[in-house]
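Please read the structure below before turning to the comments.
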Amino acid sequence: MKYLAIFAAIIFTGSFAAAQLNLTEDDLKILADFEMRVDRYTEMREIVRRQIPTLPKDATPEQILVNKTHLRDGVQKARVNARQGDLFTQSATAVIRSIIKQEFKGFKGNEIRKTVLEADQKGVPLLVNVPYPETKELVEMSPALLFALPQLPKQLRYRYIGRSLAILDRDNGLIIDFMKDALP
Amino acid sequence: MKTNCIIRCSFLAILFISTTAFAQDSLNLTLPMAKDSVKFLAIGDTGSGSKEQYQLAKVMLDYRTVFPYEFVIMVGDNMYGGEKPADFKKKFEDAYRPIMDQKVSFYASLGNHDQSNQRMYDLFNMNGEEYYRFKKGDVAFYALNSNYMDKRQIKWVQDQMSGDGSKWKIAFFHHPPYSSGAAHGSSDGVRKVVEPIFIKNGVDVVFAGHEHFYERIKPQNGIQYFITGAGGKLRDGNVKANSPLTEVAYDKDLSFMLVEISKDMMYFQVITRTGKTVDSGSVPRRER
């Protein structure tokens, strides 16, 4: 029922964007399924988060580190069988790739490509359920692309890792999933 | 014995007073120091933990003796490399502790080298948010996260600014909407989404970093843009010569900005690690 509502909301609020992006009704269903998978992850990580001490808004660096470590360990344990494609299913990957392709047309695409490929990401592992190294730069995301992609909950972030598009958990730094060949 | 002590103490007192007076004399100040003005510093790309960062921090501290700023805004890249407790200490706390001991607060925004968890760090005053607003006198400050400007953040900016009747509106974030840097250049994507909101809602001044130099951009659409990204790293000689965007630029040393807002005018002065002033001037408040 919830997912039907999400689908309906996408159709309602996203009809203009969908028309601009040439998305079909089937594409929207696929994106609704993608969002459902994203929500499933978020619900699971919130359960883990509630089991660890709350991080105050005036935390010390030690408290931040402990909280991050506990959240990372808890989620890694809960997702021990996670695989690439759990969120970015084959069909979702195809739709998202087509959205990206449209956003990369022309000059704008060259700018995004330059930013992504210039970033210092050597040695970043492209593996699910593994932390993104905190010593490595995070590539800023093009606002136009973020506007076109399905909106993620605030706990999650799209990030480019080389030519792949990953979803990272902003608080524990884990790579939740990724799709390859996302940089046209 | 007593006479000897009096002579020695007098000598030391004279030496102390003359040294302090000399130090203060050498701190050239072009700002008006108006009563009840808002006084602050703007720094960026600080978190290297390098000897140069500490040297600049010392000059920032020295300037407080002649310009009693109340707070510091940080335009991101607060921490390069790791973010363990030892990194917070070396790349931030130890460098600015003498300034914070004088009850000066730091307000941070996030750069591409910063983890989101910095928003929870007490001394960055972000109150758990990646983007936030605070007010000092008649001035509203908007700290934004230019790494990830999604619909949620843009809606927040629009909502906050449209209902904001503050006399002055200042935004600060990491990626510069305009830049003459050879390494990065203007962040067109960020500019396209934020500038129309800034124009519509009367933002007066924008501070950014990312480029490791200082640049004052020629006013664009009525907004004054600054790059103050040489707080801990320098990209020597990186400003493109003859850039049509540049009003003044300096890429030969680390620098920070002294800023004072009084009534309808914002005054600024840019200081290097050696205490040299490389730019100064004033910006009038935008007509609304």
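The values are calculated or read from the model by the stated rules, or taken from the named source; none is laboratory data. The structure displayed is predicted, hence computed values, not measured ones. Positions of Cβ are backbone-derived with ideal geometry, glycine not excepted, and every protein chain shown enters the neighbour counts.
Kindly establish whether A:Thr69 is of a type in the set (Val, Ile, Thr) and in a helix (DSSP H, G or I).
yes
Just give me the residues in segment A:112-142 being of a type outside the set (A, V, I, L, M), touching a helix residue (DSSP H, G or I) at 6+ places or on another chain (Cβ under 9 Å) and at pLDDT 95 or above, in sequence order.
A:Asn129, A:Pro131
On the basis of being assigned to a helix (DSSP H, G or I) and acidic (Asp, Glu), does B:Glu130 make the cut?
Numbers: assigned to a helix (DSSP H, G or I): no; acidic (Asp, Glu): yes.
In short, no.
Could you list, in sequence order, the residues of segment B:82-117 that are among the small types (Gly, Ala, Ser), assigned to a loop (DSSP other than H, G, I, E, B) and surrounded by fewer than 17 Cβ atoms within 10 Å (Cβ to Cβ)?
Residue satisfying the conditions is B:Gly82 alone.
Mind listing whichever residues of segment B:135-166 are part of a loop (DSSP other than H, G, I, E, B) and out of contact with any Lys or Arg (no Cβ under 7 Å at 6 or more places or on another chain)?
B:Gly137, B:Leu144, B:Asn145, B:Ser146, B:Asn147, B:Met149, B:Asp150, B:Gly163, B:Asp164, B:Gly165
For the subset of segment A:119-165 comprising residues that are of a type in the set (Ser, Thr, Tyr) and at the interface with another protein chain (Cβ under 10 Å from one of its Cβ atoms), which member is surrounded by the most Cβ atoms within 10 Å (Cβ to Cβ)?
Only one residue fits best here, namely A:Ser142.
Identify, please: which residue in segment B:177-206 is over 21 Å from B:Pro284 (Cα atoms) and in contact with a strand residue (DSSP E or B) (Cβ under 7 Å, 6 or more places away or on another chain) and is, among those, farthest from the other protein chains (Cβ to nearest Cβ)?
Only one residue tops the list, namely B:Ser180.
Just to be sure before I move on: is B:Ala34 in a helix (DSSP H, G or I) and either of a type in the set (Lys, Arg) or more than 14 Å from chain A (Cβ to nearest Cβ) (or both) in the structure I sent?
No.
Of all residues in segment A:10-49, which are modelled with pLDDT under 50 and either small (Gly, Ala, Ser) or loosely packed, with under 13 Cβ neighbours inside 10 Å (or both)?
Answer for segment A:10-49, where residues must be modelled with pLDDT under 50 and either small (Gly, Ala, Ser) or loosely packed, with under 13 Cβ neighbours inside 10 Å (or both): A:Phe12, A:Thr13, A:Gly14, A:Ser15, A:Phe16.
From the list A:Ala144, A:Ala182, A:Ala166, pick out the single residue that is part of a helix (DSSP H, G or I) and out of contact with any Pro (no Cβ under 8 Å at 6 or more places or on another chain).
A:Ala144
Examine segment B:237-251 for a residue that is under 18 Å from B:Ala183 (Cβ atoms), of a type in the set (Asp, Glu) and over 14 Å from the mean Cα position of the chain (by Cα), and state whether such a residue exists.
yes
Yes or no: segment A:84-100 includes at least one residue that is over 19 Å from the mean Cα position of the chain (by Cα) and in a helix (DSSP H, G or I). Before the answer, list the steps.
Initial filter on segment A:84-100 (over 19 Å from the mean Cα position of the chain (by Cα)): none.
Within segment A:84-100 (the criterion being over 19 Å from the mean Cα position of the chain (by Cα) and in a helix (DSSP H, G or I)), the answer is no, since none of the residues qualifies.
For segment A:113-128, name all the residues that are closer than 23 Å to A:Gly173 by Cα and either in contact (Cβ under 8 Å) with a residue 40 or more places away in the chain or assigned to a helix (DSSP H, G or I) (or both).
Of segment A:113-128, the ones closer than 23 Å to A:Gly173 by Cα are A:115-128.
Answer for segment A:113-128, where residues must be closer than 23 Å to A:Gly173 by Cα and either in contact (Cβ under 8 Å) with a residue 40 or more places away in the chain or assigned to a helix (DSSP H, G or I) (or both): A:Thr115, A:Val116, A:Leu117, A:Glu118, A:Ala119, A:Gln121, A:Pro125, A:Leu126, A:Leu127, A:Val128.
If only one of B:Glu260, B:Glu247 is in a strand (DSSP E or B) and more than 26 Å from B:Phe71 (Cα to Cα), which one is it?
Among B:Glu260, B:Glu247, only B:Glu247 is in a strand (DSSP E or B) and more than 26 Å from B:Phe71 (Cα to Cα).
For segment B:217-224, does any single residue satisfy the condition of being at pLDDT 95 or above and within 20 Å of B:Ala108 (Cα to Cα)?
Scanning segment B:217-224, I find no residue that is at pLDDT 95 or above and within 20 Å of B:Ala108 (Cα to Cα), so the answer is no.
Output the qualifying pairs, or none if there are none: Cβ atoms under 6 angstrom, residues six or more apart or on different chains, first residue in segment B:193-213 and more than 19 Å from B:Asp150 (Cβ to Cβ) and surrounded by fewer than 19 Cβ atoms within 10 Å (Cβ to Cβ), second residue at pLDDT below 95 and among the small types (Gly, Ala, Ser).
Close Cβ pairs satisfying both conditions: none exist.
Taking A:Thr60 as the residue in question, decide whether it is within 20 Å of the chain's Cα centre (by Cα) and surrounded by 15 or more Cβ atoms within 10 Å (Cβ to Cβ).
No; evaluated as a whole, the condition is false for this residue.
Only residues that are among the acidic types (Asp, Glu) and in a strand (DSSP E or B): list them for segment B:167-221, please.
Hit for segment B:167-221 is B:Glu215, nothing else.
Take segment B:120-151 and flag every residue that is at the interface with chain A (Cβ under 8 Å from one of its Cβ atoms) and of a type in the set (Lys, Arg).
Correct list: B:Lys151 only.
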